[in-house]
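Since the structure comes first, as structure tokens, the remarks are kept for the end.
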Amino acid sequence: MSNRYNHARVQEYWQHVWDREGVYELDDAAIDRGEGTYVLGMFPYTSGSLHMGHIRNYAITDAVARYRRMNGEDVLHPMGWDAFGLPAENAAYERDTDPESWTRTCIEQMRDELERMGFGYDWSREITTCEPEYYRWNQWLFTRFYENDLVEYTGAQVNWCPDCETVLADAQVDEGDGHADVRDDTPGHADGEGVCWRCGTAVETRELDQWFFTITDYADELADGLDALDGWPESVREIQRNWIGRREGAQITFEIDGDPIDVFTTRPDTVFGATYLALAPGHGVARELAQRTSSGASEAVDDFHDRAADGRAEGTAGVDTGLTATNPVTGEEIPVYVASYVLSDVGTGAVMGVPAHNERDHAFATAHDLPVERVVAPNDGEHGERNGQPLPYTDEGMIVADGAYEGLASAAARERLLDHDAVTAATTYRLRDWLISRQRYWGTPIPMVHCEECGAVPVPDEDLPVELPEFVQTTGNPLAASDEFVQTTCPDCGGPAERETDTMDTFVDSSWYFLRYLNPDLSTAPFENEVADDWLPVDVYVGGDEHAVLHLLYIRFFTRALADLGLLDRREPVDRLVNQGTVLHGGEKMSKSKGNDVAPHEYGAETTRLFVLSAAHPGQDFEWTATDVSNAYEFQQDVYRMVLSFTDGAGGRTESRPHDAYLEREIDRTIAAVTDEYDRFRFHRVVTELQQFAQLLRRYREYETPYRFAYSRGLRVLTKLLAPLAPYLAEELWSALDGEGLIAGADWPTPLHDIPDYRTERELVRTTLADVREITDVVEITDPDEIELVVAPDWSYRAYEIAREVNQEPDSTASEGSRRSRDGSTPAGQPADGAVVGRIMDADAVPGTEAAADYAAELADRSGGFEPVLAPERELTVLEQASWLFAEEFDADVVVRRAEPDGEQAHRARPNKPAIHIT
């Protein structure tokens, strides 16, 4: 074997062995048992090649899956392809090919890259969403949703991307320059004031008949369910809360010529300052109201409606209808406008304009020269100005309007207003129904036909899937250009009909794919209900937080809808969600578009994997640096050389010596520490632990001829602990060490002895070594003859435990480190620290010596930080076992002893802080 590790030389061999042994395949019997662990990374879009974000994501899931598998669990760790979508269609245009050919080429390349990276997937469960065998079930589920009133076909103002030539869901519109803030009392969406998430083109607003999933039926449950998702990052939960946008407020009924118009507001206390009423351009009564006025006003409203629908009326644009509305609280008549900033499907589609207390109302009133009436004053009387004019005051305050409410606080006024006949408590949501229609080719055809006699009719199940026709490059919607596809017969009446030419949003594909992995070849249903109930929720799901709405909200909706259809019992899809941070290069996100990307294979599979896992906590961003990558590379080489030198060289001692016990104990401590870090997903700390352990093994080997049993066990444990992170290297080392079977299927190492205090033991040795280094540096001792470590007397441990007990008692004031009486006072005639000192000095094990009294006073003055300490015998033993480390580093004799009860060292030594004397 070469003395340098080269993963490229061995990866093909170990891939072959893993495949031959079926290490990562979970058989149907294990699936049916339903007792395993489901580990999943968000499946990739078929873009053509992997990027470093993919590598970090899948390195995390692979480490978890391998770790759980070595712990004896059945692990489901599948992979598939999010294969539909507009980018593939655009790429086909650019390359003069078709989307399917381009997609399948991408899949082959990406699968090969994933395999070369050593990721252990169950490829027998691979799914591809553009396969008719998969999207058939998209269509089947759509039909079930339709039959249960979870699908709506309706005209609506929608987001339109003129470049992609398709509509977009609200979550697919990103904020662009000049994107307006959401109004305080009517949470809204982009509606023409953002850019396309795919291409960055400014989004327009159009009115079209479209297909929607009625996700709003689940708004309350989706919001309330977030509180129970303890395994999800709070940032994701907060994003979903904000997107659902549940708002508590009031509905106030105004009147226009005797007809009621409801408005929603979170600040009904500002109703006294309403100076106009604004309707959305798409409000159901806007045109009807205009018809009651002069023809000129009607034409103006009609024209404004058309301009708004085409995206040509934004910001403060609006038109006066010539009508007036009656404020039900004040009785005043105020003008009625149609305004672009009011949204027809948010709230009630009508807003009471209160310019003095709302930023957007103020901007509209200023543009249209409408009155500004201040009715809420700040409690401190101070208020800001801009250009000499008062700014809108949007906080709580005191009502200053004339009448029965004057002088009330805002909250009190809101409460009293609920007694008014025209005011009722109400709740609105920012969330709107999920628009799934796309006017593009590369997606799941919506399984509906349109019949003049029967209307919209679902395609029967036995006729599914409705497959895509042959691709033809054309402008607009390619499906609409295919007469063969469009022309059909009505399933109900048999008459002529036309197929729906819209395809589904690709986020439909990914809203249930995790269920299909359980039964990828099932031909009678999308998944088996009982199997799905056994395996859900997914135990560990890894992906970016940019999918907090686009994907993660949708899978929560889908799971609930499937449960209500009787297809599942579970209502939440994911137990623990891990958001991986961003890989930066030069301070910016690594990407091809920025020209700062690094190919995943440039530095080798395991060097890259080790680096991305060791660089930071999975949820944190980190900077890609050549130095840190080099460190990961050298760590592999060091471990490889260490194992080879052992297997090729001397066998080592067969008899044990005292210092060998330290290594044996440290092996157990390392197993305990690394296991804890794996359980907590802190892979960066796993790598640190392994690096320190490898360094200890190297020092041990160089100190003197190693004890064969302890050293070989150390190398085997190091190899096993490394296996989830660097599988090729671990298999190669395991083979060299003559390990039984494959390490991918080996058992996780276990300590030979229980180490409940492993952290304390390690800290004792590390801090003592650091103290010795500091003393030698400060005193400038370059060649010490002897290092004496003096462990504190037994009584000091009892004193420490008494102080620790007092500090942890409910009535203890930790900030003062003192004992208090039950009412919080200090006992009469006794200083605050007297209770601690008294309890220590009264203890049978503590002598009445000067050293004991001084230590008791010291403990009483401590403000906290009473960490657990080792028992005196254990501290003495640990330091004796570790004495060789001091001898090896400082080339000095080392003496470890216990202090005399009242000797000189008893005044200096403390529990887990030995006194140090250097000759």
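The values are calculated or read from the model by the stated rules, or taken from the named source; none is laboratory data. Just so we're clear, the structure is a prediction, and the values are computed from it rather than from any experiment. All Cβ positions, even for glycine, are placed from backbone atoms using ideal geometry, and neighbour counts span all protein chains on display.
Annotation: of all residues in region 237-256 being touching a Ser or Thr at 6+ places or on another chain (Cβ under 8 Å) and aliphatic (A, V, I, L, M), the one that is surrounded by the fewest Cβ atoms within 10 Å (Cβ to Cβ) is I256. Residue count for region 26-64 satisfying the condition of being without any contact (Cβ under 8 Å) to a residue 60 or more places away in the chain and of a type in the set (A, V, I, L, M, F, W, C): 2.
Collect the residues in region 746-759 that are buried (at least 19 other Cβ atoms within 10 Å of the Cβ) and part of a helix (DSSP H, G or I), keeping them in residue-number order. If the condition is that a residue be buried (at least 19 other Cβ atoms within 10 Å of the Cβ) and part of a helix (DSSP H, G or I), then Y758 is the only one that fits. Would you check if S645 is of a type in the set (S, T, Y) and within 26 Å of N57 (Cβ to Cβ)? No; evaluated as a whole, the condition is false for this residue.
Residues of region 771-800 that are part of a loop (DSSP other than H, G, I, E, B) and touching a residue at least 60 places away in the same chain (Cβ under 8 Å): I781, D783, P784, D785, A792, P793.
Residue-by-condition table, conditions (1) in the same structural domain as L141 (by TED's automatic domain parsing); (2) farther than 26 Å from A91 by Cα; (3) not in a helix (DSSP H, G or I):
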| site | (1), (2), (3) |
| --- | --- |
| V457 | yes, yes, yes |
| E462 | yes, yes, no |
| E467 | yes, no, yes |
| T474 | yes, no, yes |
| N477 | yes, no, yes |
| A480 | yes, no, no |
| T488 | yes, yes, yes |
| D492 | yes, yes, yes |
| A497 | yes, yes, yes |
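Criterion applied to V612, V598, V629 was being surrounded by 18 or more Cβ atoms within 10 Å (Cβ to Cβ) and either closer than 30 Å to Y513 by Cβ or outside the structural domain of Q695 (by TED's automatic domain parsing) (or both), and the one residue passing it is V612. Determine, yes or no, whether P868 is assigned to a loop (DSSP other than H, G, I, E, B), of a type outside the set (A, V, I, L, M) and closer than 13 Å to W795 by Cβ. So P868 does not fit the description; no.
For D509, the test of being touching a Ser or Thr at 6+ places or on another chain (Cβ under 7 Å) and buried (at least 17 other Cβ atoms within 10 Å of the Cβ) is passed. In summary, strands (runs of 3 or more DSSP E) completely within region 508-592 and bearing 1 or more residues that are under 14 Å from the mean Cα position of the chain (by Cα) occur at 538-543, 574-579. Output the residue which, of all residues in region 716-745 that are outside any helix (DSSP H, G or I) and either over 31 Å from the mean Cα position of the chain (by Cα) or without any contact (Cβ under 8 Å) to a residue 60 or more places away in the chain (or both), is surrounded by the most Cβ atoms within 10 Å (Cβ to Cβ). If we take residues in region 716-745 being outside any helix (DSSP H, G or I) and either over 31 Å from the mean Cα position of the chain (by Cα) or without any contact (Cβ under 8 Å) to a residue 60 or more places away in the chain (or both), then L742 is surrounded by the most Cβ atoms within 10 Å (Cβ to Cβ). On the basis of being at pLDDT below 95 and in the same structural domain as I671 (by TED's automatic domain parsing), does Y711 make the cut? Criteria not met by Y711.
For region 865-919, a tally of residues being over 47 Å from the mean Cα position of the chain (by Cα) and on the phi > 0 side of the Ramachandran plot returns 1. Determine if region 347-355 includes at least one residue that is free of Cβ contacts under 8 Å to residues at least 24 places away in the same chain and either buried (at least 20 other Cβ atoms within 10 Å of the Cβ) or part of a loop (DSSP other than H, G, I, E, B) (or both). No; the residues of region 347-355 include none that is free of Cβ contacts under 8 Å to residues at least 24 places away in the same chain and either buried (at least 20 other Cβ atoms within 10 Å of the Cβ) or part of a loop (DSSP other than H, G, I, E, B) (or both).
Take E816 and decide whether it is in the same structural domain as E873 (by TED's automatic domain parsing), of a type in the set (D, E, K, R) and at pLDDT below 50. Against the criterion (in the same structural domain as E873 (by TED's automatic domain parsing), of a type in the set (D, E, K, R) and at pLDDT below 50), E816 qualifies.
Here E152 passes the criteria (1) acidic (D, E); (2) closer than 30 Å to V23 by Cα; (3) surrounded by fewer than 19 Cβ atoms within 10 Å (Cβ to Cβ) except the one numbered (2).
Residues are listed down the side, and each one gets a yes or a no for (1) assigned by TED's automatic domain parsing to the domain that holds R116; (2) surrounded by 22 or more Cβ atoms within 10 Å (Cβ to Cβ); (3) not acidic (D, E):
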residue: E528; (1), (2), (3): yes, no, no
residue: D534; (1), (2), (3): yes, no, no
residue: A548; (1), (2), (3): yes, yes, yes
residue: H585; (1), (2), (3): yes, no, yes
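T394 meets each of the listed conditions (1) under 43 Å from the mean Cα position of the chain (by Cα); (2) more than 29 Å from R432 (Cβ to Cβ) apart from (2).
Here is a yes/no grid of residues against (1) assigned by TED's automatic domain parsing to the domain that holds E73; (2) surrounded by 14 or more Cβ atoms within 10 Å (Cβ to Cβ); (3) in contact (Cβ under 8 Å) with a residue 24 or more places away in the chain:
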position	(1), (2), (3)
V643	no, yes, yes
G649	no, no, no
G652	no, yes, yes
H659	no, yes, yes
R685	no, yes, no
R698	no, yes, yes
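Just a yes or no: is a residue in region 428-447 without any contact (Cβ under 8 Å) to a residue 12 or more places away in the chain, touching a helix residue (DSSP H, G or I) at 6+ places or on another chain (Cβ under 8 Å) and surrounded by fewer than 21 Cβ atoms within 10 Å (Cβ to Cβ)? No: region 428-447 contains no residue that is without any contact (Cβ under 8 Å) to a residue 12 or more places away in the chain, touching a helix residue (DSSP H, G or I) at 6+ places or on another chain (Cβ under 8 Å) and surrounded by fewer than 21 Cβ atoms within 10 Å (Cβ to Cβ). Do we have R430 as assigned to a helix (DSSP H, G or I), under 34 Å from the mean Cα position of the chain (by Cα) and not small (G, A, S) here? For R430, the condition - assigned to a helix (DSSP H, G or I), under 34 Å from the mean Cα position of the chain (by Cα) and not small (G, A, S) - is not met.
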